[in-house]
Every structure is written in structure tokens, then in C-alpha cells.
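Nothing in this text is a laboratory measurement; each read-out follows from the coordinates by a stated rule. Just so you know, these numbers come straight off a predicted model, no measurement behind them. Cβ atoms come from the backbone with ideal geometry, glycine included; neighbour counts cover every protein chain shown.
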Amino acid sequence: QVQLVESGGGLVQAGSSLRLSCAASGRTFITYAMGWFRQAPGKEREFVARIIWSGGSTNYADSVKGRFTISRDNAKNTVYLQMNSLKPEDTAVYFCVADVSSLGVRSNYWGQGTQVTVSS
């Protein structure tokens, strides 16, 4: 399987920035895309951002467009989410997801999630 290790969550004030990281590891795999979802208390999990591994094309949820930036390090199989101008409504558990092919099988893998709390 593929393992995802997330880091970078924390408690910050509104207007501050955080950078989340998610590293994918395994014996051998091909990465097609990686991205981020988030889930706030009492809400459904929602899409945040995605990056296509080959070429680096990105897309974002309207709620974070212009404030968040997703990027990748191909050599490290790592995806980052730079979050600027954070708002209290950004408070959620952020989950990393990877679309990968491992030993010929293409599957989605999820991280454990990292808490982001934005105070006013």
C-alpha cells in the first residue's frame, strides 16, 4: 500500500498563514494526482484543492481560490497546501488524498487528517 504522512496543522489567528505537507511513501507507485479535502464540525467533507502530478495543473474550491496554493515536489512525492489569509471558516480537519497506481492497481489513499483551527 501507499502511506500518507501529514504535518503542518495548528492553531492560528485570522489573517495568519499555515503550510500543510503530505508525503506519500511505498515500495513502488505512480502518482497521478494529490489533493486536499477538509471537514468542519457538523459538515460534510468538501474538496479544497488538487494538483495533477504530470504537468502540475491545479484546481481549487471557490471558497479558497486566491488564498490557498497547492504545489508538489515530484522527487519527494509530497504535496503542499499554502494557506494564506486564513479565516475562522477555514477551521476544519484537513485530509490529504493521493490518486496513485501501486503494482498495477490504481486507488485513492487518504491521510489521517490534521487539525487547522483559526481564531478570530
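Using a Gaussian network model of the chain in which every pair of alpha carbons under 10 angstrom is joined by a spring, one finds that among Leu11, Leu20, Leu103 the greatest mean-square fluctuation is at Leu103. GNM on the chain, alpha-carbon springs under 10 angstrom: the most fluctuating residue among Ala14, Ala40, Ala75 is Ala75. Under the combined filter of DSSP loop state and at most 12 neighbouring Cβ atoms within 10 Å, the stretch 1-98 retains these GluC sites (Glu not before Pro): Glu44. Max-minus-min Cα coordinates of the stretch 67-119 on each principal axis give 44, 20, 13 Å, with the largest extent listed first. As a length-normalised measure over Cα pairs under 8 Å and 6 or more apart, the relative contact order of the chain settles at 35 percent. Phi angles of the stretch 89-100 translate, via the Karplus equation with coefficients 6.51, -1.76, 1.60 and θ = phi - 60°, into HN-Hα couplings of 5, 7, 4, 4, 8, 9, 10, 8, 9, 10, 9, 9 Hz per residue; Gly and Pro are given as x. Give the shape of the chain as rounded, prolate or oblate, defined through the alpha-carbon gyration tensor: a ≥ b ≥ c are the square roots of its eigenvalues, a/c under 1.5 means rounded, and otherwise the shape is prolate if a/b is larger than b/c and oblate if not. In terms of gyration-tensor shape, prolate.
The H on the amide N of Ser63, modeled in the peptide plane, is under 5 Å from the matching H of no residue at least 5 residues off or on a different chain.
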